[in-house]
Amino acid sequence: MINTSSFKTRFAPSPTGYLHLGHAASALKIWEQAKQIPENFLVRIEDIDQTRCLSEYERAILEDLDWLGIKWSTPPRRQSEHFEDYKKLLNFLQSKELLYPCFCTRKDIEQEIANSPSAPHSSPAHLYPGTCSHISKDQQKELIEKGTPFALRLNMKNAIEDISSKILTWTDLSKGDQKTTAEILMKDHGDIVLARKDTPASYHLCVTHDDALQDITHITRGDDLFESTHIHRLLQELLGYPTPQYNHHPLTTDKSGRRLAKRDKSLTIREIRKRGISANDLKNMILHSNIDQLLI
Ligand code: GLU
């Protein structure tokens, strides 16, 4: 059960498109859990990827949330205005030798994995093969001085050694008690990127920082982010942050169980509004999982 005396939650859209039915469903679930109290509920704009985020989408998302009756009491934090905060975290992790620069292109990584003697079975394609972790400090300096673009990766082995507790736990209100271990972090996540070549921070870093900064006690989001919580728990431990309670909900699907995703533009709240459907009718359809009539 949720303890409402110290309850704070958030909806954190990335303005890379208009608010979609799936996101609206998530926002409404969160708003219901906040007991519809604006002080319990924050909106955060996760717009670090300046190549994909548009202020027009941000404006439209906020307007659509308002139309749905969702209210917040403090102005949304916009992540793109806080790159300095994220830089400080990266400097802190770097001072503990937990980061290294990675100069690889996507193609370099694919080739390295394909050339590995154990490929394809024991080198999952999503795991970084560690190429740049072997580069000497002098070589790193030389490449950086030459202006070679680089990302910053977490040295997962060092990070695991840095934390005192070897099993990290958290509660997921839908799925029960969860844990992560060194084995899971090494096998499923590896040396993840914490600052990208084109964006000086990553989703994982910014979201973990902001949830702590904003005293978020409950995080409700789609199942597509369930696995990311392993990384967020590790970052909380490395950075000395508290652990909120999580609630990962199933993604909205059509009648046949197919995920809605962004494939169907007619399922943006913008388009649904144009069809003359009222906010109340839409809310009822979403909250009772009765959205098939919208899928025409
Ligand atoms: N910004 C993320 C998204 O739009 C959600 C982040 C989160 O809820 O942790 O997918």
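Students often check this: by mean Cβ neighbours within 10 Å, which of 20-31, 78-89, 37-48 ranks highest, and how do the rest follow?
Working: 20-31: 22.5, 78-89: 15.6, 37-48: 19.3.
Highest to lowest by the protection proxy: 20-31, 37-48, 78-89.
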Fill in the blank from the handout: Going from the fewest other Cβ atoms within 10 Å to the most, one would list R233, R258 as R258, R233
Problem - Stretch gain in nm, segment D215-T16, where the contour uses 0.36 nm per residue and the Cα spacing is subtracted - result: 69.1 nm
Exercise for the section: Would you list, by chain and number, the lysines whose Cα falls below 19 Å from the Cα of K146, excluding same-chain residues fewer than 8 positions away? Expected result: K137, K197
Fill in the blank from the handout: So, over other residues within a Cβ distance under 15 Å of L238, counting Lys, Arg +1 and Asp, Glu -1, the net charge is 0
Handout entry: Stretch gain in nm, segment K96-Q111, where the contour uses 0.36 nm per residue and the Cα spacing is subtracted
Key = 2.3 nm
Practice task
Within segment 149-193, which residues have the backbone N less than 16 Å from the label spot 7 Å out from D223 along Cα→beta-carbon, could you tell me?
Solution key: 172-176
Problem - Residue-averaged [θ]222 nm for the chain, counting only DSSP H segments that reach four residues, each worth -39500 (n - 2.57) - result: -10500 deg cm²/dmol
Practice task
May I ask you to derive the FRET efficiency for T131 and R78 from their Cβ-Cβ distance with R0 = 35 Å, giving the value to the nearest 0.05?
Solution key: 0.50
Fill in the blank from the handout: If R0 = 45 Å, then T171 and T148, at their Cβ-Cβ distance, give a FRET efficiency to the nearest 0.05 of 0.55
Exercise for the section: In whole angstrom, note down how far apart the Cα centers of segment 23-83 and segment 218-296 are. Expected result: 13 Å
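Laboratory data are not the source of any read-out in this text; all were calculated from the coordinates shown. The model shown is predicted, which means the values in this text are computed figures rather than measured ones. Note: ideal-geometry Cβ built from the backbone for every residue, glycine included; neighbour counts use all protein chains shown.
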